[in-house]
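Okay, structure first, notes after.
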């Protein structure tokens with residue numbers, strides 16, 4: 001009998017947001033702060049971290065809060081999960097995000113929402129941090145017949161407009177370099193656990 005003893009999750013859903021207005025707002029934010037900040041992003045623009053939801057993204061974060069609450073039915077955190085912070089990402093050609101995690105003292109769920117995703121603008125990749133997994137299974141055709149959730153070292157998502165992803169803040173992830181001249185727009189965020 002096989003038993004699942006550890007597991008990672010990736011929650012995905014489409015939100016139905018008006019992306020045109022959201023994209024305009026993100027472009028205005030970049031215009032006001034063209035330098036932005038560098039955290040995991042290499043080559044792209046990332047806004048400062050925001051705490052307060054504004055009139056441009058209020059509807060989006062209302063939907064995200066609802067999705068976080070649905071997810072928490074499986075995660076079973078006691079108390080409340082609330083928005084810790086969020087930021088805007090605009091990646092251009094050759095821009096990417098280095099491998100990183102978002103986990104902090106109270107941050108438990110991280111996520112990304114895609115506003116505009118040109119073809120070949122970079123997949124998001126989730127990786128297992130078990131150092132031996134690649135040697136054990138050799139993901140790309142080495143020792144295994146078929147990749148599944150027991151033997152896979154990574155999971156790849158091709159971003160789409162209006163796609164929302166929620167994942168553990170401790171999950172290692174990165175974004176591949178963009179291969180297109182068109183910009184990709186996304187919003188990243190963290191939810192914290194309040195006792």
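The values are calculated or read from the model by the stated rules, or taken from the named source; none is laboratory data. Nothing here was measured: the structure is a model prediction, and the numbers come from that model. Cβ atoms come from the backbone with ideal geometry, glycine included; neighbour counts cover every protein chain shown.
Just a few scattered comments:
- Of all the criteria given as (1) within 30 Å of residue 150 (Cα to Cα); (2) out of contact with any helix residue (DSSP H, G or I) (no Cβ under 8 Å at 6 or more places or on another chain); (3) not in a loop (DSSP other than H, G, I, E, B), the one not satisfied by residue 23 is (1).
- Residues satisfying the stated conditions in the range 2-20, i.e. part of a helix (DSSP H, G or I) and surrounded by 13 or more Cβ atoms within 10 Å (Cβ to Cβ): 19
- Members of the range 87-109 that are outside any loop (DSSP other than H, G, I, E, B) and surrounded by fewer than 23 Cβ atoms within 10 Å (Cβ to Cβ): 87, 90, 96, 98, 99, 100, 107, 108
For every residue, the table says whether it meets (1) under 20 Å from residue 168 (Cβ atoms); (2) under 19 Å from the mean Cα position of the chain (by Cα); (3) without any contact (Cβ under 8 Å) to a residue 60 or more places away in the chain.
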residue: 1; (1), (2), (3): no, no, yes
residue: 13; (1), (2), (3): yes, yes, no
residue: 25; (1), (2), (3): no, no, yes
residue: 29; (1), (2), (3): no, no, yes
residue: 38; (1), (2), (3): no, yes, yes
residue: 47; (1), (2), (3): no, yes, yes
residue: 69; (1), (2), (3): yes, yes, yes
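- For the range 113-195, the strands (runs of 3 or more DSSP E) that sit wholly inside it and include 2 or more residues that are more than 26 Å from residue 94 (Cα to Cα) are 184-194.
- Every pair of residues 6+ apart whose Cβ atoms lie under 6 Å, when the first sits in the range 148-162 and is farther than 19 Å from residue 117 by Cα while the second is in a loop (DSSP other than H, G, I, E, B): 151/144; 153/128; 153/139
- Extreme residue, surrounded by the fewest Cβ atoms within 10 Å (Cβ to Cβ), among residues of the range 155-167 that are closer than 13 Å to residue 10 by Cα and modelled with pLDDT of 95 or more: 157
- Inclusion of residue 194 among residues that are under 24 Å from residue 58 (Cβ atoms) and surrounded by fewer than 19 Cβ atoms within 10 Å (Cβ to Cβ) is warranted.
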